[in-house]
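Notes follow once the structure below has been shown.
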Amino acid sequence: MLWNLSIYFRMLSFQLRSQMQFRTSFWLDLFSTGFGNLVYVFSAALVIQRFGSIAGWSLGEVAFLIGMIEVSFAVMDMLFSGFDYDYFAAVVREGRFDQVMLRPVGLTWQVLGSRFLLRRLGRVFEGLFVLAFAFTQLDLTWTVGKILYLPVVLASQVLMFGALFIIGSTITFWTLQSIEAINIFTYGGNELMSYPMQIYPSWMQRFFTYIIPFIFLNFYPALYILDKPDPLHFPPYAPFIAPMVALSFFAVALWFWRLGINHYQSSGT
């Protein structure tokens with residue numbers, strides 16, 4: 001384990017040094033990544049401001065949802081970019097995964113360290129800016145529990161999205177191509193969790209509660225932190241199961257990843 005971690009951090013250092021070779025390009029990329037997403041958030045804010053609220057959620061409350069998801073998804077996209085299924089499909093298709101399997105380092109750590117996109121920090125900063133805006137619009141009553149739980153929720157969201165990236169990459173062992181349907185649950189999940197869950201049809205609410213439990217990762221923790229009543233009438237512990245949901249889903253993703261490795265056959269290229 002310690003050996004794998006040391007190799008992983010060395011791989012990250014190589015990635016960081018290579019990306020900082022062209023400073024101007026890096027900073028422009030960082031700015032464009034954050035600014036592009038901020039334009040989307042700004043347009044959503046204009047719509048909410050025009051109508052006053054969405055399903056009883058004010059501009060500040062929706063900004064809190066958006067800010068949480070933007071930060072967590074950007075951190076995940078930075079840490080798990082080696083498992084980006086579009087990128088990983090090319091690795092499998094071109095036979096480069098054969099090289100990975102020959103090295104005396106854990107496969108999961110190698111894939112994690114193979115790609116680290118520092119420019120995603122632009123989106124992290126954008127999400128933090130949206131969160132800061134949300135806090136200025138809200139009259140929150142902070143408690144020790146809320147302060148401690150907030151980073152736990154963010155970490156849970158990172159794990160959940162990372163698990164979906166791992167599942168999407170594993171599928172490419174059989175397909176050799178990325179499956180666009182996975183985007184529904186990754187980038188689509190990012191959009192879905194940016195708004196109150198009660199605005200969606202009941203079948204979507206059930207699907208994202210019992211099949212892919214997104215509802216417990218942003219919406220219910222937000223109800224607790226914002227002191228809002230539960231419109232869906234779940235048990236009182238619902239806001240606090242985000243870590244359990246994320247860890248369970250991540251464990252399933254790792255199991256599926258190991259299954260895919262055991263059934264991996266070289267593409268022959």
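If I go through segment 52-64 residue by residue, how many of them are among the aliphatic types (A, V, I, L, M), surrounded by fewer than 24 Cβ atoms within 10 Å (Cβ to Cβ) and either closer than 30 Å to Gly168 by Cα or out of contact with any Pro (no Cβ under 9 Å at 6 or more places or on another chain) (or both)?
Number of matching residues: 1.
Of the residues that make up segment 185-200, is at least one of a type in the set (A, V, I, L, M, F, W, C), over 27 Å from Gly56 (Cα atoms) and in contact (Cβ under 8 Å) with a residue 12 or more places away in the chain?
First, the residues of segment 185-200 that are of a type in the set (A, V, I, L, M, F, W, C): 185, 192-193, 197, 199.
Adding the requirement that they be over 27 Å from Gly56 (Cα atoms) leaves none.
No, because not a single residue in segment 185-200 is of a type in the set (A, V, I, L, M, F, W, C), over 27 Å from Gly56 (Cα atoms) and in contact (Cβ under 8 Å) with a residue 12 or more places away in the chain.
Residue-wise test of (1) over 20 Å from Phe64 (Cα atoms); (2) at pLDDT below 90.
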| position | (1), (2) |
| --- | --- |
| Phe125 | no, yes |
| Leu140 | no, yes |
| Gly145 | no, no |
| Ser156 | no, no |
| Leu164 | yes, no |
| Trp174 | yes, yes |
| Glu180 | yes, yes |
| Phe219 | no, no |
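Which numbered condition trips up Phe256, out of (1) aromatic (Phe, Trp, Tyr); (2) in a helix (DSSP H, G or I); (3) touching a strand residue (DSSP E or B) at 6+ places or on another chain (Cβ under 7 Å)?
(3)
Please verify whether Leu102 is within 23 Å of Met193 (Cβ to Cβ) and not charged (D, E, K, R), treating the condition exactly as stated.
no
Would you please name the residue that is surrounded by the fewest Cβ atoms within 10 Å (Cβ to Cβ), looking only at residues in segment 136-177 that are in a helix (DSSP H, G or I) and without any contact (Cβ under 8 Å) to a residue 24 or more places away in the chain?
Only one residue fits best here, namely Val144.
Six or more apart or on different chains, Cβ atoms under 9 Å: show the pairs whose first residue is in segment 1-24 and within 16 Å of Ser81 (Cα to Cα) and among the hydroxyl-bearing types (Ser, Thr, Tyr) and whose second is modelled with pLDDT of 75 or more and not in a helix (DSSP H, G or I).
Correct list of pairs: Tyr8/Val105; Tyr8/Gly106.
Given the condition outside any helix (DSSP H, G or I), farther than 17 Å from Gln157 by Cα, free of Cβ contacts under 8 Å to residues at least 24 places away in the same chain and of a type in the set (A, V, I, L, M, F, W, C), answer yes or no: does some residue in segment 93-105 qualify?
No, segment 93-105 contains no residue that is outside any helix (DSSP H, G or I), farther than 17 Å from Gln157 by Cα, free of Cβ contacts under 8 Å to residues at least 24 places away in the same chain and of a type in the set (A, V, I, L, M, F, W, C).
The values are calculated or read from the model by the stated rules, or taken from the named source; none is laboratory data. For clarity, every value in this text was computed on a predicted model and none was experimentally measured. We place every Cβ from the backbone using ideal geometry, glycine too, and count neighbours over all the protein chains shown.
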